[in-house]
Amino acid sequence: MSKIMNKTKTTIIAGASAAVALIGPAAAQAHVTIQPNSAPAGAFTVESVRVPNEMDDAVTTKVDVQLPHGFAAASYEAVPGWTVKVVNGKLAKPIQTDDGPIDEEVRQITFTASSRKDAIQPGQFRDFPLSVQIPGKAGDKLTFKALQTYSNGQIVRWIGAPDADQPAPQVTVLPASSASSGTSSGTSTTAAASDPATPAAAVTSSDDGGASKGLAIAALVAGLLGILIGGAALLTRRRTT
């Protein structure tokens, strides 16, 4: 009996160890990421830096996001309870645009919680949306390094390679043509709807023909009524004379 009990305990312990091993990798996946993680070159889009709180006894009070080179401008969405600081840097070579040369780029954006209550609590995450134009060419990897500061003073540096324990969030640049594929489809649909040779135009012509027939029938009925009224008047005169 004791042998059976010992075997049962061993099986339970082994099963529990396997369960912990499965849970471990899942918990480790709760990294700082950026959503979406791909965008067409030159596209104006919103990239959200997603920050989960990975500690049970501390809250996230500050998030520093370092932008890769090429972002001449970046707008942030106001997050209730958080203040924002944007740091710009001088470009070695100004960027020529239709509005003139640009000699600065956005280097870093820092989000700071106004109070512990506003901070990212254990088991929670928060998105910090940024409106940007995607620089670079298809195939480029835009790396957004991030520093996550906790209330206990610990700083987690999300600056590593994709396979590191603390990888930096990345955005893959797609071909610029991907941004216009939806537009061209919508344009062709509109053109088909407005083409005079479409069935819609034929339906309109059919409606006009029906209206003409209706007018002709109405005129015929009116004419018959006129004949009947005239005949009745003639009979009345003959009876009177």
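The values are calculated or read from the model by the stated rules, or taken from the named source; none is laboratory data. Treat the numbers as computed from the prediction; the structure is a model and nothing was measured. All Cβ positions, even for glycine, are placed from backbone atoms using ideal geometry, and neighbour counts span all protein chains on display. Surface accessibility is based on the protein's heavy atoms, side chains included, excluding ligands, DNA and RNA. Shrake-Rupley method; radii C 1.70, N 1.55, O 1.52, S 1.80 Å.
At a glance:
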read-out: Derived scalar couplings ³J(HN,Hα) [segment 158-164; Karplus, 6.51 cos²θ - 1.76 cosθ + 1.60; whole Hz; x for Gly, Pro]; value: 8, 9, x, 5, x, 9, 7
read-out: Per-residue HN-Hα couplings for segment 119-129 [Karplus 6.51, -1.76, 1.60; θ = phi - 60°; Hz; x = Gly/Pro]; value: 5, 7, 7, x, x, 10, 9, 9, 9, 10, x
read-out: Length added when fully stretched, Gln121-Ser75, from 0.36 nm per residue minus Cα-Cα; value: 14.0 nm
read-out: Distant-in-sequence amide H partners of Met55 (H built 1.01 Å from N, under 5 Å); value: Gly123
read-out: Proximal charge balance of Val87 [Cβ under 12 Å; K/R count +1, D/E count -1]; value: 0
read-out: 1.4 Å probe accessible area per residue over segment 74-120, in Å²; value: 67
